[in-house]
Amino acid sequence: MSRPTLDASEARRALEALTTADLLKLERAGRIYALGLNCDAGDLLGEAIAQTLEGVRNCPSEMPLASFLIGVMRSRAWALRQKATPLLQLVSLDAEDAEGRPLVEPSSSERGAEEWFLAREDFEARIRALEQLFADDEEAMLMMWADLDETPKEEIMAMNDLDATGYATVRRRMRRKINAAFPHGWGR
Amino acid sequence: MSGGEKPSLSLHRLADELVADLMQLSDAELLAEVKAEGLDPEKEAARVRATISAALTERGKARLKAARSALDAARAPAPGARRHFQIQDRRAVLARFANDDSKLRDRLTMAARNGEGITDEEVEAILNDLRDLGAIDDEGNPT
């Protein structure tokens, strides 16, 4: 038997009943998920609300709406990231750019290749910004690199000799630093 | 990260971890954190409420537009549907048109010789075909 879900009018009422803390969580989660995307928290939240009201996504009745909307924003952000066209690259072994990095060329002449490179440049710029942000925080820097390599949490804890509390403390520090450094989001 | 990966996908893991931390905060902790940043939680929340209101308004507009389109579609004749010709003398229009169309003229002559004439339904159908082909307008005038 399928679980009961909110219909459009119930979802609308639940939206109106969101508390200040709920709204702040929604906005901050949206900002985080907009990382590296050409959209902001408002875009992700607006779309999550539209999908909920239109019944594209159905919020289980027993689930807090704020948590549900954050899940929808996450899903949307993932889909937007997936849309980046996967292209093989040709890495030149003997040519380097001005900064000594190997020259990389697209293996495809499709229009998507240029977009892919713009996205990659954007991504690398963001990573450099995060590295600068965590320059004086070795634990945060190591954890960010581990995230980029998709290292499991347990492995990160073992590598950094952290227990669960220590791990959570570093995570919170990272989030607060990022939040303070990018108060208007990382999307643009 | 290897060269061929989608650049921004690897950021998703970091984002997930940061949101997980955010979700662990109690309401009081979150409000305290926002205040510690020098921000007014109520003002910040009001901004989000405005975003939600805008989304609701946008949805309302989209629904209205969809309803209007559906209404227009319901009013419009279905493709291939025969509209009733709004002209008084259908047969005169047909005869005038037949002067320039030998096949049509032959058809009308044959029907007359057989003593069958041509029914009003046939006249209507031929005029509709001519209009659909763009040969005449709604008033039966050559286009």
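The values are calculated or read from the model by the stated rules, or taken from the named source; none is laboratory data. Values in this document were obtained by computation on a predicted structure and should not be read as measured data. Every residue, glycine among them, receives a Cβ derived from its backbone with ideal geometry; neighbour counts consider all protein chains shown. Heads up: the accessible areas ignore ligands, DNA and RNA and are worked out on the full protein's heavy atoms, side chains in. Shrake-Rupley method; radii C 1.70, N 1.55, O 1.52, S 1.80 Å.
Condition first: surrounded by 10 or more Cβ atoms within 10 Å (Cβ to Cβ), within 19 Å of B:Asn141 (Cα to Cα), modelled with pLDDT of 70 or more and aliphatic (A, V, I, L, M). Can you find one or more residues in region B:109-124 that meet it?
Within region B:109-124 (the criterion being surrounded by 10 or more Cβ atoms within 10 Å (Cβ to Cβ), within 19 Å of B:Asn141 (Cα to Cα), modelled with pLDDT of 70 or more and aliphatic (A, V, I, L, M)), the answer is yes, since at least one residue qualifies.
Can you tell me how many residues in region B:30-46 are more than 15 Å from A:Ala29 (Cβ to Cβ) and in a helix (DSSP H, G or I)?
Qualifying residue count for the region: 8.
Of the residues A:Met141, A:Met157, only one is at pLDDT 90 or above and closer than 22 Å to A:Arg31 by Cα; which?
A:Met141
If you scan region A:131-188, which residues turn out to be within 12 Å of chain B (Cβ to nearest Cβ), open to solvent by 40 Å² or more (accessible area, probe 1.4 Å) and more than 27 Å from B:Ala36 (Cα to Cα)?
Of everything in region A:131-188, those that are within 12 Å of chain B (Cβ to nearest Cβ), open to solvent by 40 Å² or more (accessible area, probe 1.4 Å) and more than 27 Å from B:Ala36 (Cα to Cα) turn out to be A:Trp145, A:Asp149, A:Glu150, A:Pro152, A:Lys153.
Determine whether B:Val93 is at pLDDT below 80 and touching a helix residue (DSSP H, G or I) at 6+ places or on another chain (Cβ under 7 Å).
Answer is yes for this residue.
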